[in-house]
Amino acid sequence: MVRFPEEYDECERIIAPDGSYDDDAVAALDLDDGTLRELYESMVQARALEERGLSLQRQGEFHFWMECRGLEAAHVGPAAALGDRDWMNTEWRQYGAHIQRGRPLEDILLFWLRGYEEWDTETIDEMAPYERRLPHIVAVGTQVPQTAGLMWGRKLQGYDEVGLVSVGDGGASKGDFHAGLNFAGVLELPVVFLLLNNQWAISTPVDRQTAADTYAARAPGYGFDGVLVDGNDVLATYRATRRAVDRARDGEPTLIEALTYRRGAHSSSDADDYRSDQQLEPWRERDPIDRYETLLFDRGVLEGGDPAAIREAAERRAAEAAESALATAEEQSPEEVFDEVFANPPAYIDEQREELLALYERHGEAAFRW
Ligand SMILES: Cc1ncc(C[n+]2csc(CCOP(=O)(O)OP(=O)(O)O)c2C)c(N)n1
Ligand SMILES: [Mg+2]
């Protein structure tokens, strides 16, 4: 059974699916036109990057791609609500969050081409926010207790920082989820848990993950608040995160459930043959980018041909970034995928390194393609 945000009375929303919106709530956000436009541009850029990445994968240029269309508001709004010194520990498909935090598109693509991440603890304070406080974490659920532990450490060291960690509806079935939330509640940690309920974990639907109506309802069991928010409304995800970040600074965690829907396949390796096109249609009608446009036109933040021009510019940037990422990947030694994983690599890592190098010698870049 697919869930729709409008079915829940308690679900927070500022912009309705038809584009109408709550004027007072928008005014209370106190966002200037530049910021309102930036949220839009980040979502459009994420969509353009998604399309380019998928197309390059289909052409055999990229070995793998995770899909994110329709999820942009759940990724961009929370990222915009964080301060520069705050952390955002993301999952695999949150391109919009990385874009909003300023990570160059080329670097996002290089992560998927080569496992590239900028991470240097020696120079951490001189680095840009996206370099020092925005990792991709791909081992499902592990990021939850890691973030609680990280923020406990930062708190003990006296830093005034908040850590936001994203986890999926599937990831929330792991014991890691319980450990992380319990730890944060007990130790009063400056953490925000963002549960991205996109209603699928590869081919497993959300009603096979939980018998409860919402994930937000779990929060009181850990001693803090849970909030359900319409995940296709970028201003609602922004507002809920803003509030949660303020509370986190006072040692009070929050669980935010952003209810949305994964319209794309899980990844480029997924045949996506376990659901019907009919199921996707209501979510195309709830598209987060289209929904936000009416408000921006009304307020004069967008005019006439702006959406088309913004989209074209985003597509151009995605194409250029892909070209330079592919060129950079060619220059990098394939061995770099093993760097900075282990301080003392176990023997099987050395074996894998040898195997990859032998394949690379025989097949060149094709060694990286599936
Ligand atoms: C520990 C671990 N097990 C399995 C996988 C393979 N895997 C990648 S994503 C995914 C599904 C996760 O679903 P969900 O948490 O809902 O996140 P979503 O992909 O929907 O964003 C799985 C099983 C993995 N990356 N890590
Ligand atoms: Mg999911």
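Yes or no: the stretch 273-289 includes at least one residue that is at pLDDT below 95 and among the β-branched types (V, I, T).
The answer is no; no qualifying residue exists.
Got at least one residue in the stretch 151-160 being within 19 Å of G264 (Cα to Cα) and in the same structural domain as E252 (by TED's automatic domain parsing)? Before the answer, list the steps.
First, the residues of the stretch 151-160 that are within 19 Å of G264 (Cα to Cα): none.
Within the stretch 151-160 (the criterion being within 19 Å of G264 (Cα to Cα) and in the same structural domain as E252 (by TED's automatic domain parsing)), the answer is no, since none of the residues qualifies.
Here are R299, R275, R284, R247: which of them is within 15 Å of ligand 1 (Cβ to nearest atom), out of contact with any His (no Cβ under 8 Å at 6 or more places or on another chain) and among the basic types (K, R)? I'd like the intermediate steps shown before the answer.
Numbers: R299 fails: within 15 Å of ligand 1 (Cβ to nearest atom); R284 fails: within 15 Å of ligand 1 (Cβ to nearest atom); R247 fails: within 15 Å of ligand 1 (Cβ to nearest atom).
Just one listed residue meets the conditions, R275.
Return the residue satisfying two criteria in turn: it lies in the stretch 87-104 and is more than 16 Å from ligand 2 (Cβ to nearest atom) and within 19 Å of E41 (Cβ to Cβ), and of such residues it is surrounded by the fewest Cβ atoms within 10 Å (Cβ to Cβ).
Going through the qualifying residues, I end up with G102.
Which pairs do you get when a residue that is closer than 14 Å to D86 by Cα, found in the stretch 132-160, comes within reach of a residue that is of a type in the set (K, R) and buried (at least 18 other Cβ atoms within 10 Å of the Cβ), reach meaning Cβ atoms under 7 angstrom, with the pair 6+ apart or on two chains?
That search, which allows pairs on different chains as well, returns L134/R101; L134/R103.
If a residue has to be free of Cβ contacts under 8 Å to residues at least 40 places away in the same chain and exposed (fewer than 12 other Cβ atoms within 10 Å of the Cβ) to count, how many in the stretch 336-370 make the cut?
Taking the stretch 336-370 as the starting set, the residues that turn out to be free of Cβ contacts under 8 Å to residues at least 40 places away in the same chain are 338-339, 341-367.
Now restrict to residues that are exposed (fewer than 12 other Cβ atoms within 10 Å of the Cβ): 341-344, 346-348, 350-351, 354-355, 358, 361-364, 366.
Qualifying residue count, the stretch 336-370: 17.
Working only within the stretch 183-208, note down all residues that are in contact with a Gly (Cβ under 6 Å, 6 or more places away or on another chain) and either aromatic (F, W, Y) or near ligand 1 (Cβ under 10 Å from one of its atoms) (or both).
L196, A201
Among (1) within 15 Å of the chain's Cα centre (by Cα); (2) crowded, with 23+ Cβ neighbours inside 10 Å, which single condition is F62 missing?
F62 satisfies all of (1) within 15 Å of the chain's Cα centre (by Cα); (2) crowded, with 23+ Cβ neighbours inside 10 Å except (1).
Give all pairs with beta carbons closer than 6 Å in which a residue from the stretch 272-292 that is assigned by TED's automatic domain parsing to the domain that holds N198 and closer than 14 Å to Y261 by Cα meets a residue that is among the acidic types (D, E) and part of a helix (DSSP H, G or I); count only pairs at least 6 apart in sequence or on separate chains.
P288/E72
For the stretch 294-317, give me each residue that is closer than 10 Å to Y40 by Cβ and not in a helix (DSSP H, G or I). Break it down stepwise before answering.
Residues of the stretch 294-317 that are closer than 10 Å to Y40 by Cβ, as a first pass: 295-296, 301-302, 306-307, 310.
Scanning the stretch 294-317 gives V301, L302.
Can you tell me which residue within the stretch 171-189, out of those that are buried (at least 20 other Cβ atoms within 10 Å of the Cβ) and within 11 Å of ligand 2 (Cβ to nearest atom), is farthest from the chain's Cα centre (by Cα)?
A172
With respect to L326, is the statement that it is aliphatic (A, V, I, L, M), in the same structural domain as P17 (by TED's automatic domain parsing) and in contact with a Lys or Arg (Cβ under 9 Å, 6 or more places away or on another chain) true? Lay out the reasoning, then the answer.
Details: aliphatic (A, V, I, L, M): yes; in the same structural domain as P17 (by TED's automatic domain parsing): yes; in contact with a Lys or Arg (Cβ under 9 Å, 6 or more places away or on another chain): no.
Considered against the rule, which asks whether it is aliphatic (A, V, I, L, M), in the same structural domain as P17 (by TED's automatic domain parsing) and in contact with a Lys or Arg (Cβ under 9 Å, 6 or more places away or on another chain), L326 comes out as no.
Applying the selection to the stretch 322-367, what residues are part of a helix (DSSP H, G or I), at pLDDT below 85 and under 31 Å from the mean Cα position of the chain (by Cα)? Quick ask: steps written out before the conclusion?
If we filter the stretch 322-367 for residues that are part of a helix (DSSP H, G or I), which is where we start, we get 322-331, 334-338, 347-367.
Those left that are additionally at pLDDT below 85: 329-331, 334-338, 364-367.
Residues satisfying the conditions are A329, E330, E331, P334, E335, E336, V337, F338, E365, A366, A367.
The values are calculated or read from the model by the stated rules, or taken from the named source; none is laboratory data. Everything quoted here is computed from the prediction, not taken from an experiment. Glycine gets a Cβ as well: all are built from the backbone with ideal geometry, and neighbour counts include every protein chain shown.
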